1. B:ASP103 passes all but one of (1) within 30 Å of A:LEU222 (Cα to Cα); (2) within 16 Å of DNA strand D (Cβ to nearest atom); which number fails?
2. Of everything in the range A:222-245, what is modelled with pLDDT of 80 or more and more than 8 Å from chain B (Cβ to nearest Cβ)? Give them in sequence order.
3. Go over the candidates A:GLU170, A:GLU201 one by one and state the one that is over 31 Å from the mean Cα position of the chain (by Cα) and within 14 Å of chain B (Cβ to nearest Cβ).
4. I'd like to know if the range B:205-217 contains one or more residues that are at pLDDT 80 or above and under 27 Å from A:ALA142 (Cβ atoms).
5. Considering only residues that are within 12 Å of chain B (Cβ to nearest Cβ) and among the hydroxyl-bearing types (Ser, Thr, Tyr), which ones fall in the range A:80-106?
6. Mind listing whichever residues of the range A:107-136 are among the β-branched types (Val, Ile, Thr) and more than 13 Å from chain B (Cβ to nearest Cβ)?
7. Is there a residue being at pLDDT 80 or above and farther than 26 Å from A:ASP185 by Cβ anywhere in the range B:156-175?
8. State whether the residues of the range B:191-198 include one that is within 14 Å of another protein chain (Cβ to nearest Cβ) and either in contact (Cβ under 8 Å) with a residue 24 or more places away in the chain or of a type outside the set (A, V, I, L, M, F, W, C) (or both).
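The values are calculated or read from the model by the stated rules, or taken from the named source; none is laboratory data. Not measured: the values here are computed from a predicted model. Virtual Cβ from ideal backbone geometry, glycine too; neighbours counted across all protein chains shown.
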2 protein chains.
Amino acid sequence: MLDDRKLAVLRAIVEDYVSTNEPVGSKTLVDRHNLGVSSATIRNDMAVLEEQGYIAQPHTSAGRVPTDKGYRLFVDRLSTIKPLSVAERRAIETFLSGAYDLDDVVGRTVRLLAQLTRQVAVVQYPSLTRSSVRHVELVPVAEGRLLLVLITNTGRVEQRVIETSGTVSEESIGHLRALLNTCLDGLGLGDVPTAVADLPEKVVQADRPLAAAVLSVLLETLVEKHEEKIVFAGAANLAAVDFSPSLREVLVALEEQVILMRLLGETGDSSTVTVRIGTENPDLGLRSTSVVAADYGVGDLTLARLGVLGPTRMDYPSTMGAVRAVARYVGQILAGS
Amino acid sequence: MLDDRKLAVLRAIVEDYVSTNEPVGSKTLVDRHNLGVSSATIRNDMAVLEEQGYIAQPHTSAGRVPTDKGYRLFVDRLSTIKPLSVAERRAIETFLSGAYDLDDVVGRTVRLLAQLTRQVAVVQYPSLTRSSVRHVELVPVAEGRLLLVLITNTGRVEQRVIETSGTVSEESIGHLRALLNTCLDGLGLGDVPTAVADLPEKVVQADRPLAAAVLSVLLETLVEKHEEKIVFAGAANLAAVDFSPSLREVLVALEEQVILMRLLGETGDSSTVTVRIGTENPDLGLRSTSVVAADYGVGDLTLARLGVLGPTRMDYPSTMGAVRAVARYVGQILAGS
DNA sequence: CTTGGCACTCGGGAGCAATGAGTGCCAGCA
DNA sequence: TGCTGGCACTCATTGCTCCCGAGTGCCAAG
């Protein structure tokens, strides 16, 4: 259907258009790439490519521009992920290794990725559901108020206030704390609900209301935090590209956690970079953007995803390289802390 | 210098320009507001106002537009803060009272403020320096690693990893934890450094390295977190106004913590709303924006600031009303949790 | 299948006139 | 002294035409 030269033409169109941001015509194409044929031949090829829906012209008498379908073919078959330079890798490593807690790791990662790709970066916090309990802490913070702190093996710390009906003794708290920790230590968060089901029965009669209160808040925390936290950075990079009309829509989408979550999407083939182009996106208003995303995690364990959002007209090979590299390094950093 | 009518004219110009976003001329002015004089008279007044620098015309044969100086006069002497409607107040209250921890309070606040004013909202986390220690927790998370968790009376939780040279026994940790808590409980964070200076001397010889490590991390935390955390929301609202060229600069500024901090500025008269207009701003690139900010806190204690950033051409009375109201409610919520 | 040639299309920019909102100024009037 | 109506003037904006050139599609020949 499409012979080698037509594919080469498509590739050239994508590359030229990405770098110049101007519709590319048959003449400029033969000038810039040495395709060994005349512009008339290219024109014929382009007519075919257009008929098949890989490219389009904004208006008659203008050059061609890749369509989403064209980008898709380019990503799937015409390009390879471009590895980062040694200098870049080193920069990533030193920058990330300076982080001192989970918030900081995520914060640095998202800024790094934004800067590296000059686009909007999105990073999801490590999943709670896949991590396990490292420690549970109960701290009295005021009359009738306890603070429940849950620490996971991924370094995440969750906190919730518990209202207790009356004053609670230090011993009761200490007892409950010990009980919780022996029950839960090392347990996957998904298994917590069943493990603590019979907790109230294990404490003395007087402390049962307390135990029940703590328990309900603990379970709530697990459920609510299930919808993961997600952050972005580099919105300023959007202004550089001129999205003119849809810029507002894109900004709105970015501020909506739920949309961001869907944006990164479910894990495709793990250990690979996923690309979603233009209308392949689940969200309206992001129809003119592409998302390049990847899983990150420690060893075989996938913790969450991160990625980049930019115009469909983006440098896919480089972006994919940056996303892949950052995902790997974050994994390493998390493993080592 | 400026008689009452000239002030009335200035007020009318500001109000008209804010609502229509078009330079306002003498004719439209007498039509819309009943000033009781003819347009020629208004023209004379406008000439004076322009000479004094309160208004300017984008080009000859165009209407007048307020200058920063004009807005300043308007805010200081020609307008009063517009209180929110009962419905709005109720909405704020119910929305904020649904929050369940500090992150959530701040997150809801910033989104609320952005939506209420249709501009960019900025909220600073409650200051660490002005709060006091509620509890210190030490948790072993791995071989050679401890997690230090610091809980303050404002509900803020700080965490840091401590690298210990060797394995540390549970007892050592327990001892140190108890020691820290008796030393620090209720202490203002500013007083922590002196209070813990002699800590290593209070533990048995073998635990001194541990104590020193914990100590240094604790002090680091206090210093580093001194530069407070700050968040924003509503960037999408920027796209609605057409900042055309400077939009990028504004977005850049928003992502820079340091700039944001400076933006809210030092507390002016507390319990009042502060307005900074256009070039009064410390930052270049925000020359065409205004900031409306206020302190918030519990009772007499000021914890931090929050505010709104928008075009100089904004509805100051309403914005000030919204900022003031939200600041008050956040204070109430924090007091009650 | 490729190529040079050629007519055709159409967006974008330059040039130009008409429009009209808005101004500054002035002389007259209370 | 301050207000007013009148009037000439300015100038951004709009709509119009015209022209240019990049780029195409098609065709006949190699």
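1. Going through the list (1) within 30 Å of A:LEU222 (Cα to Cα); (2) within 16 Å of DNA strand D (Cβ to nearest atom), B:ASP103 breaks only (2).
2. Matches in the range A:222-245: A:LYS229, A:ILE230, A:VAL231, A:PHE232, A:ASN237.
3. Only one candidate qualifies: A:GLU170.
4. Checked against the condition, which is being at pLDDT 80 or above and under 27 Å from A:ALA142 (Cβ atoms), the range B:205-217 yields at least one hit.
5. A:TYR100, the sole residue that qualifies.
6. Within the range A:107-136, A:THR109, A:THR117, A:VAL122, A:VAL123, A:THR129 meet the criteria.
7. no
8. No, because not a single residue in the range B:191-198 is within 14 Å of another protein chain (Cβ to nearest Cβ) and either in contact (Cβ under 8 Å) with a residue 24 or more places away in the chain or of a type outside the set (A, V, I, L, M, F, W, C) (or both).
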